[in-house]
Amino acid sequence: MEAVAAQAAAQAAGSLVGPAVEGGTGILHCLKRKFLYVKNMSKNLRNLEREEKYLCDEEADVKTRLERNKLKMEKSRRCETWLNEVERMKDEIETLKSSYSSTHKFLCGICPFPSLLQLGKQIVKLTAEVVSLRKQIGQIAIMVEKAPVPVIKKHAKKMEEVPSLNKHLKMLQECLRNVGTKRICIWGPPGVGKTTIMENLHDAIGESRQFDFIFWVTVNSEGNIRDIQEVLLKRLDLRAEDHNIDQRADMISEELKDKSYVLFLDEVSTEINLRDIGIHDEHKNGKVVFACIFRNICGQIDEEVNVQRLSGKDAQKLFWETVGVQLKDCRDIKPVARLIINECGGMPHMIKLIGSSLANVSNPAIWRDMLSQLRSPSMAPKQELEEVYKSFKLVCDKLPSDKQLCLLYWAIFPVGYELHEDYIIECWRAEQFFACLRKLGEARDRGQSILDEFVKKSLLEKGRKASHYKMFEHFQRAALRIANHDENSFKILVKEEEKISEEEWEVANRISLIRMCLSTLPKRPKCCRILTLLLQESSLAELPASFFGYMCSLQLLDLHDTKIKLLPSSISSLTNLKALFLNNCCQLMRLPAEVGDLHNLEILDLSHTGICCLPSEIGQLVNLKCLRVSFLANIGEENSFADRSVEIISSNIISRLHSLEELSIVVDPNNRRWNQNVENIVVEVASLEDLTTLCFYFPNVGLLQNFINASKSWNGNSNFRSFSILVGYNQRSSPHMEFDFSGCSAEKYLRFADGEGFPDAVVKILEQACAFELIGHRTAANLSDFGANKFGDVEACIVEDCNEMISIIDGNLTEGVTFQHLKKLHISHLPKLMHIWKGSIQSGSLIMLETLILKRCHGMKTLFSEEIIFQLNQIQYLQVEDCKEMEEIIEAGSAVDSRAFPKLKSFQLINLPKLSSICHNMSLAWPLLETITIKACDELRNFPSTIENASKLRGIQCNQAWWSSLVWPNDHVRDHFQNFCQFI
């Protein structure tokens, strides 16, 4: 190539001899440069390719940086220009390479020198431009912050109007900041404020600009996927008119996979598959917030917020703010307003609707008419209630037929009436809603499942008492309207004040006269179709002799808590009766012989009546599955109907009840007539084969052992559904009261009193018990002697009046974990007790303990050792009272973390004269502590430094003199806690 180039150069030189001579050496230098362009062409091209590679690498780095930050940033205009220049430069280089490749073929002398010279110059020039372009990227801003995607505000109602909803909003904002939280469910009944919370959340995060996209979809009742997709596609500016649902889902998923977004789905009433929409779990920065009536409609969720009705205080506040506070003290309006607020059921939406229609209305007649309309079960209720009615009916219609019957049955009770779970399930059973279930225990299981479902679907809520439920007031009105619709056969008649006419008796299938002032009843109402009659808690004192004459279809009769003294002989007409409730009829002294004619009776409740003995006719009730009866102490001495020679339960009554599954016989331990023939009763109870529930008092361990040895049901089905077994009696202890089973997984209760040793029969019961009371044991030094493995399922335990007890558990006698499920521990009057837990403690023991109460244990000086503290991460309530030698709560020298007791909410220290310290040389965090009671603890001087970090403390009850004597770290701490102080 160099020879050819030299020849070409000579030719050029020959043609320029004249000018070269004239120009001298300058021309020669020019020729040399031009010659070098040609001579070094291959070398320069390789240099260009190298610089191009550097430029392409720089371009790739820029694009990688853009990709990694595209969620929050976008490329600048100057960067866009630079990238375009790079593309242009790459095109020029390709063109140049193509020219070089073509020229290379003609370098054998055919190609003229000027063309070679031009190509060489282009290579050198383009190389310089590539170098310059590569250096420019370091001098420009590659990325700028993205312009926020506009968020269409919901203009939510101010949360100040409903203060109890604010806590939910704050919690949800925190959830959305949590990277791991992807699915959030806000659930509760209609009108409770779910949408208001979501709208406020939507606007709040829109202002925060923490997400690329925020979507809001109000879901229709069918949960149409295509409609939801349409909202997302429009927001993402994607066109998909000709695509099917799956193609749309792919488009949405592809667009959102690297984006941060929140999808709000409001009014969700049916299950939605998010993948069908295009929302995948693989979207690392995507979140979905549902608002629905019941929780389990959302599938797998990470966080949930159950929005409940407003408190009474908040409901009144919102109502009067809406109506006008100037009407609050009007004499004729105030009592009516209270009833209207109750009818609104604590629902903000209802309160606002009803309140708005009464705003500034001072006429009491209009207020009374409003109350009448709200209570009306007619087919055309007040318009404001239509939304509630439609929401309730929507859920009701989707239930299977048996569950619909259970739900609508709630309409037979007064609005706001709380029902025990056992009672409502027995009502459903009596009405044969579970006709396919032969066993009563199976019906109870089904009923429990239905109640749980109704709560989850916000159709019911748990009552104030344990195991009680109630229906939301406005739902109860809706249920009554649906039940009495022409298409249904319920025909419920509910009376709360007015009298009932004979015509109404004839038409209704179910009649409720609960809590009514009933002076008289019809002598013989013609009501052959009536299935349920509820007369409980009324003033009823007498039933006409022929009252039940036409009630041959009656299946459920409830007379509990009435003043009746006798049942009429016409009760024999109730040949289809399934359930009879006479509990708490204190003036009912005996049953008529005609009760034996109720051959279909399955449930009979005679607890807490004046009946002194069970009549022999009860033995004729061969289909009886549940019998509850109670006998007061020595009632025969006070009862003119009683014959002391008559046995409390005659022979061959219990043994004839072959179908009996549940038996409850409650007696006072001092009842002499019970102790006279209990041995025979035990034999008959042991003969029952289907028994799964037993409440029984065994005066001594021997009788219990006889039952265990002979019982066909216990030995044939050792897993009883529930039991309440009392063995022995201790006169010094407080009289037996119904054990608090709240929080326990099952009602399996054992009370062992005034015993000694560790009888096998007691240990066998203990193996299945969830709750255990040890009262007045004469020899036990600790519970470990019973066998620590026997306490694995115990969730509540009381130890009282055991004079030899030194420790509750002795770790030196215990192998493995014990009390791993214990939630409540009550310890009282153990004079020699020195430790709750002596010796080493196995990890896992006591880890579920929530409540600890210690009273009158004068031998204890220290409550908690260092080892036991580490186990008590669940404790919420702590009470120590009347322990004269107690000096410290936490043992001195314990290396306890400041985060001990992370869930403790309340503790009480009462009458501890030697208590000087809660904890030594440490300041605990007390993250959830809310209330403290300190009484008669005069030596406790370092209290202020102990609670200094209790940020949630809201109440300190104490004596003023003690408070004044405390030494505070500084005035600020003293003034802070002074605000919570309540002197007692």
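Close contacts from region 434-453, counting a first residue that is without any contact (Cβ under 8 Å) to a residue 60 or more places away in the chain and a second that is assigned to a helix (DSSP H, G or I) and among the small types (Gly, Ala, Ser), with Cβ to Cβ under 7 Å and a gap of 6+ residues or different chains, come to 434/443; 437/443. Here 182, 157, 194, 167 are screened, and the one residue that is at pLDDT 85 or above and closer than 24 Å to residue 350 by Cα is 194.
In this structure, residue 536 does satisfy being under 37 Å from the mean Cα position of the chain (by Cα), at negative phi, without any contact (Cβ under 8 Å) to a residue 60 or more places away in the chain and not in a strand (DSSP E or B). Within region 389-418, residues that are over 20 Å from residue 431 (Cβ atoms) have Cβ atoms under 9 Å from residues that are surrounded by fewer than 18 Cβ atoms within 10 Å (Cβ to Cβ) and among the β-branched types (Val, Ile, Thr) in these pairs: 398/270, counting only partners at least 6 apart in sequence or on another chain. Being over 18 Å from residue 772 (Cα atoms), touching a Ser or Thr at 6+ places or on another chain (Cβ under 7 Å) and not aliphatic (A, V, I, L, M) is the requirement here; does residue 842 meet it? It is false that residue 842 is over 18 Å from residue 772 (Cα atoms), touching a Ser or Thr at 6+ places or on another chain (Cβ under 7 Å) and not aliphatic (A, V, I, L, M). Filtered by the rule that a residue be of a type outside the set (A, V, I, L, M) and free of Cβ contacts under 8 Å to residues at least 12 places away in the same chain, region 221-245 gives 224, 227, 230, 234, 237, 239, 241, 242, 243, 244.
Does region 490-511 contain any residue that is within 22 Å of residue 573 (Cα to Cα), surrounded by 18 or more Cβ atoms within 10 Å (Cβ to Cβ), in contact with a helix residue (DSSP H, G or I) (Cβ under 7 Å, 6 or more places away or on another chain) and among the aromatic types (Phe, Trp, Tyr)? The answer is no, given that none of the residues of region 490-511 is within 22 Å of residue 573 (Cα to Cα), surrounded by 18 or more Cβ atoms within 10 Å (Cβ to Cβ), in contact with a helix residue (DSSP H, G or I) (Cβ under 7 Å, 6 or more places away or on another chain) and among the aromatic types (Phe, Trp, Tyr).
Of 894, 898, 916, all but one fail to be open to solvent by 50 Å² or more (accessible area, probe 1.4 Å), of a type in the set (Gly, Ala, Ser), touching an Asp or Glu at 6+ places or on another chain (Cβ under 6 Å) and within 30 Å of residue 845 (Cβ to Cβ); the exception is 916. In the set (1) among the hydroxyl-bearing types (Ser, Thr, Tyr); (2) at pLDDT 90 or above; (3) open to solvent by 20 Å² or more (accessible area, probe 1.4 Å), the condition left unmet by residue 742 is number (2).
Within region 813-833, the only residue that satisfies the criterion of being farther than 18 Å from residue 779 by Cβ, among the hydrophobic types (A, V, I, L, M, F, W, C) and open to solvent by 50 Å² or more (accessible area, probe 1.4 Å) is 817. The residues in region 304-353 that are more than 30 Å from the chain's Cα centre (by Cα) and of a type outside the set (D, E, K, R) can be counted, and the count is 12.
Considering 211, 215, the condition of being surrounded by 14 or more Cβ atoms within 10 Å (Cβ to Cβ), within 25 Å of residue 292 (Cα to Cα) and modelled with pLDDT under 90 is satisfied by 211 alone. When residues in region 846-860 are screened for being farther than 18 Å from residue 904 by Cα and assigned to a loop (DSSP other than H, G, I, E, B), 5 of them pass. The set of residues in region 442-466 being within 17 Å of the chain's Cα centre (by Cα), buried (at least 16 other Cβ atoms within 10 Å of the Cβ) and not aromatic (Phe, Trp, Tyr) consists of 450, 451, 453, 455, 456, 457, 458, 459, 460, 461, 463. Considering only residues in region 383-423 that are buried (at least 17 other Cβ atoms within 10 Å of the Cβ) and over 24 Å from residue 511 (Cα atoms), the one that is modelled with the lowest pLDDT turns out to be 384. Summed over region 238-255, residues that are open to solvent by less than 100 Å² (accessible area, probe 1.4 Å) and either within 18 Å of residue 224 (Cα to Cα) or not charged (D, E, K, R) (or both) total 11. Taking the conditions exactly as written (open to solvent by 60 Å² or more (accessible area, probe 1.4 Å) and touching a strand residue (DSSP E or B) at 6+ places or on another chain (Cβ under 7 Å)), does residue 275 satisfy them or not? Here the answer is no, as residue 275 does not meet what is asked. The test for being farther than 20 Å from residue 631 by Cβ, open to solvent by less than 60 Å² (accessible area, probe 1.4 Å), in a loop (DSSP other than H, G, I, E, B) and modelled with pLDDT of 95 or more does not hold for residue 576. Take region 206-239 and flag every residue that is out of contact with any strand residue (DSSP E or B) (no Cβ under 6 Å at 6 or more places or on another chain) and closer than 30 Å to residue 461 by Cβ. Hits for region 206-239 are 220, 221, 222, 223. Here the condition is being assigned to a strand (DSSP E or B), open to solvent by 20 Å² or more (accessible area, probe 1.4 Å) and either in contact with a Leu (Cβ under 8 Å, 6 or more places away or on another chain) or of a type in the set (Asp, Glu) (or both); of 798, 836, it holds for 798 alone. Among the numbered conditions (1) open to solvent by 70 Å² or more (accessible area, probe 1.4 Å); (2) closer than 30 Å to residue 284 by Cβ; (3) modelled with pLDDT of 75 or more, the only one that residue 72 does not meet is (3). The set of residues in region 283-321 that are closer than 21 Å to residue 350 by Cα and crowded, with 19+ Cβ neighbours inside 10 Å comprises 291, 292, 293, 294, 305, 307, 309, 310, 315, 318, 319. Tell me, please, whether a residue that is within 22 Å of residue 631 (Cβ to Cβ), of a type in the set (Asp, Glu), free of Cβ contacts under 8 Å to residues at least 40 places away in the same chain and open to solvent by 30 Å² or more (accessible area, probe 1.4 Å) can be found in region 679-700. Scanning region 679-700 turns up at least one residue that is within 22 Å of residue 631 (Cβ to Cβ), of a type in the set (Asp, Glu), free of Cβ contacts under 8 Å to residues at least 40 places away in the same chain and open to solvent by 30 Å² or more (accessible area, probe 1.4 Å).
The values are calculated or read from the model by the stated rules, or taken from the named source; none is laboratory data. In this text, all values refer to a predicted model and were calculated from it rather than measured experimentally. Every residue, glycine among them, receives a Cβ derived from its backbone with ideal geometry; neighbour counts consider all protein chains shown. In case anyone asks, the SASA skips ligands and DNA or RNA and just uses the protein heavy atoms, side chains included. Shrake-Rupley method; radii C 1.70, N 1.55, O 1.52, S 1.80 Å.
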